[in-house]
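Novice: Can you keep this structure in mind? I'll have questions shortly.
The values are calculated or read from the model by the stated rules, or taken from the named source; none is laboratory data. Since this is a predicted model, take the numbers as computed values, not measurements. Backbone-built Cβ (ideal geometry, glycine too); neighbour counts: all protein chains shown. Each accessible area value is taken on the protein alone, full model and side chains, heavy atoms only, with ligands, DNA and RNA left out. Shrake-Rupley method; radii C 1.70, N 1.55, O 1.52, S 1.80 Å.
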Amino acid sequence: MPQIILRVTKGPDAGKVFTLEQTPIKIGRARKNDVYINDTAISGFHATIIFKDGCVFIQDHSKNGTYVNGKRIKESVLTEGDEILVGLSGFRFSLESKEETQLLEEATKVKECDETVRKEGFAQKRKAAKKKIRPIMIVVPLVIIVLGLVYLLSKPNKSPEGKQKQENRKQSDTIIKIPLVNIEQEWIRLDTGNILDKKIRGKLIYGKELYDRQEGQTVNLYNAIKNWKEALNSLEGEKKNILQRIINTSEKQLDDKYKDEYNNLYFSIKQKNYPEAAKVCVKIMQMIPDPNDPRYRKVKKIYESKGLGRYLSGK
């Protein structure tokens with residue numbers, strides 16, 4: 001059986017790494033567990049990792065729940081890189097076989113041997129290299145000229161439009177790097193009852209109501225994010241940080257929904273099922289109703305260029 005590696009990515013014991021070879025692996029707050037975490041939000045015996053039928057499974061035994069990639073589970077298969085959340089502590093799951101470790105050690109030894117041989121032959125190669133210096137002195141200036149041209153062609157765009165694109169790219173990268181959270185747990189920590197401004201509190205609560213009513217109303221998630229963003233700058237300190245994490249996670253959920261529907265759109269067009277493609281286009285534009293959003297513009301362009309409107313009107 002391969003080694004199971006659990007890296008603690010968040011929580012009181014962030015930074016710890018558990019390497020285990022035998023299952024079942026018990027996770028919890030009690031010290032007798034194989035993975036002991038000092039987190040008051042975790043049950044004494046919270047979850048178990050087992051190996052069966054050639055796969056690794058995690059089973060939940062707690063009241064507060066166990067989450068895999070943001071979804072609450074009772075039992076779930078674990079794959080490389082999965083994010084596990086128990087209480088306020090997060091883990092990243094990975095597998096490493098003993099054979100891989102041995103191969104890595106052998107490769108390191110071979111590299112050391114090659115380095116020794118290289119040093120012994122360095123003196124002889126140095127003499128041979130001196131004879132090749134003259135051609136190199138001709139080539140080097142040409143290389144410098146080519147690199148200079150490449151630099152000028154790839155120089156960042158200083159126009160306002162170019163700066164805006166770079167800024168949007170930076171903001172996008174920042175969102176991706178922020179870790180995702182459990183919305184329900186973060187909402188409890190936000191504690192809207194302690195927010196004195198009624199208008200801001202109302203926007204937050206209305207956003208949460210929209211978030212909870214996503215089923216059958218795909219635009220609700222977009223509007224929930226919009227309400228939360230309008231309230232964000234009015235908050236301070238930890239409450240602002242909590243709301244920002246909620247917004248980032250919700251935007252990731254919205255983008256995942258968009259990608260799923262866009263894949264449906266792609267395959268519908270590829271199979272020439274244009275009536276279905278038209279329905280998917282409308283669904284995406286309802287899900288993200290902002291005409292300035294790049295995702296909306298991309299789908300609208302497909303909708304218009306393929307003339308999908310006629311399949312909805314029955315023409």
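Novice: Quick one: which residue in 58, 73 is β-branched (Val, Ile, Thr) and out of contact with any Gly (no Cβ under 9 Å at 6 or more places or on another chain)?
Specialist: That would be 58, the only listed residue that is β-branched (Val, Ile, Thr) and out of contact with any Gly (no Cβ under 9 Å at 6 or more places or on another chain).
Novice: Hey, another quick one. Quick one: count up the residues across the stretch 299-309 that are surrounded by fewer than 17 Cβ atoms within 10 Å (Cβ to Cβ) and in contact (Cβ under 8 Å) with a residue 12 or more places away in the chain.
Specialist: Residues in the stretch 299-309 being surrounded by fewer than 17 Cβ atoms within 10 Å (Cβ to Cβ) and in contact (Cβ under 8 Å) with a residue 12 or more places away in the chain: 3 in total.
Novice: Return yes or no: is residue 261 out of contact with any Gly (no Cβ under 9 Å at 6 or more places or on another chain) and modelled with pLDDT of 90 or more?
Specialist: So residue 261 passes the test.
Novice: Looking for whichever is within 23 Å of the chain's Cα centre (by Cα), surrounded by 15 or more Cβ atoms within 10 Å (Cβ to Cβ) and within 25 Å of residue 312 (Cα to Cα) here; the options are 247, 288. Which one fits?
Specialist: Residue meeting the stated conditions: 288.
Novice: Could you count how many residues in the stretch 9-68 are outside any loop (DSSP other than H, G, I, E, B), small (Gly, Ala, Ser) and under 12 Å from residue 84 (Cα atoms)?
Specialist: Residues that pass the stated criteria total 1.
Novice: Restrict the check to the stretch 256-268 and report whether at least one residue is farther than 18 Å from residue 283 by Cα, out of contact with any Pro (no Cβ under 6 Å at 6 or more places or on another chain), open to solvent by 20 Å² or more (accessible area, probe 1.4 Å) and among the charged types (D, E, K, R).
Specialist: No, the conditions are met nowhere in the stretch 256-268.
Novice: Which one of these is modelled with pLDDT under 70, open to solvent by 80 Å² or more (accessible area, probe 1.4 Å) and more than 30 Å from residue 9 (Cα to Cα): 155, 198, 170?
Specialist: That would be 155, the only listed residue that is modelled with pLDDT under 70, open to solvent by 80 Å² or more (accessible area, probe 1.4 Å) and more than 30 Å from residue 9 (Cα to Cα).
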